[in-house]
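Here's the structure, in structure tokens; my notes come after.
The values are calculated or read from the model by the stated rules, or taken from the named source; none is laboratory data. Since the model is a prediction, treat every value here as computed from it, not as a measurement. Surface accessibility is based on the protein's heavy atoms, side chains included, excluding ligands, DNA and RNA. Shrake-Rupley method; radii C 1.70, N 1.55, O 1.52, S 1.80 Å.
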Amino acid sequence: MGRKAKPIVTRHKFRAQPAHELRALLNASGKTYEQLAEHTPGISRVTPQRAASDTCVPKEKTVVAFVHACGFGRHEAAKLTALRISARIEERGVLRHLNALHPRPISDLRDLSRALEYIYEAAGAPTLREIRERSEDPLSLPTTTLARIVARKTTPADKRQLRAFIHGCGISRDQDPMWSDAWAKVSMEVPDPGLERMWRI
């Protein structure tokens with residue numbers, strides 16, 4: 001029999017939710033954490049138990065592997081992924097200081113940078129690897145360039161790169177026309193080296 005899990009006592013509202021849900025799925029599966037680890041290749045034996053605790057926000061791949069190892073499918077995985085994003089947003093504490101910027105009012109590169117920062121944080125600040133994998137066009141997003149976009153040190157070099165970035169952050173393709181229009185407005189602007197400092201304002 002596996003060891004009994006410690007109680008969830010975090011004061012962080014959103015961090016507690018995925019932990020509670022993961023434990024509920026585990027209980028429903030009738031498995032122990034040790035048995036779960038055997039069905040999650042590529043994940044260490046302690047990772048499932050840590051994912052269902054209040055010590056950290058688990059990675060998305062960990063959450064999805066946990067759900068599937070418990071015998072559940074896409075619906076539960078999507079629900080847990082959404083809860084994980086809320087916990088990640090809470091953990092970082094950045095999004096509440098940002099203003100959502102719709103693509104239509106974007107008029108310059110600084111606006112574009114701010115808009116991309118918002119959608120990145122709203123997606124739970126995914127890793128660079130996660131963004132590239134979700135983009136469906138990873139070749140257009142070199143890791144070094146992607147890191148600079150996330151850090152607001154530059155903006156996408158072209159429309160293809162812009163689309164890959166927003167798709168990697170969860171923006172659906174039905175919004176592509178609006179982002180294409182935004183790109184058309186800013187694409188003729190030549191970045192000023194001094195903007196790297198100004199973009200942080």
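Quick check for you: with a 1.4 Å probe and neighbouring chains kept, what is the accessible area per residue of the chain, in Å²?
Averaged over the residues of the chain, the accessible area is 57 Å².
Assuming 0.36 nm per residue, please report the length gained on full extension of the stretch Val46 to Glu91 beyond their Cα-Cα distance.
14.0 nm
Rounded, prolate or oblate: which one fits the stretch 111-186, using the alpha carbon gyration tensor with axes a ≥ b ≥ c (rounded when a/c is under 1.5, else prolate when a/b beats b/c, else oblate)?
Taking the square roots of the gyration eigenvalues as a ≥ b ≥ c, the stretch 111-186 is rounded.
With all pairs of different alpha carbon atoms counted, what Kirkwood hydrodynamic radius in Å does the stretch 67-201 show?
15.6 Å
For the chain, set up a GNM with springs between Cα atoms under 10 Å and report which of Lys159, Lys13, Lys59 has the largest fluctuation.
Result: Lys13 has the largest fluctuation of those listed.
If the cut-off is 25 Å between C-alpha atoms, which lysines fall inside it for Lys159, apart from same-chain ones fewer than 8 positions away?
Correct list for Lys159: Lys185.
Quick one: among Ile119, Ile43, Ile166, which has the greatest mean-square fluctuation in a GNM of the chain with alpha-carbon springs under 10 angstrom?
Maximum fluctuation in the GNM of the chain, among the listed residues, is at Ile43.
On the accessible surface of the stretch 1-109, probed at 1.4 Å, how many percent belong to carbon and sulfur atoms?
Answer for the stretch 1-109: carbon and sulfur cover 53 percent of the accessible area.
At 222 nm, what helix-only mean residue ellipticity would the chain give, in deg cm²/dmol to the nearest 500, using -39500 (n - 2.57) for each DSSP H run of four or more?
-16500 deg cm²/dmol
Where a Cα-Cα gap under 30 Å defines reach, which lysines qualify for Lys13, not counting those fewer than 8 residues away within the same chain?
Lys4, Lys31, Lys59, Lys61, Lys79
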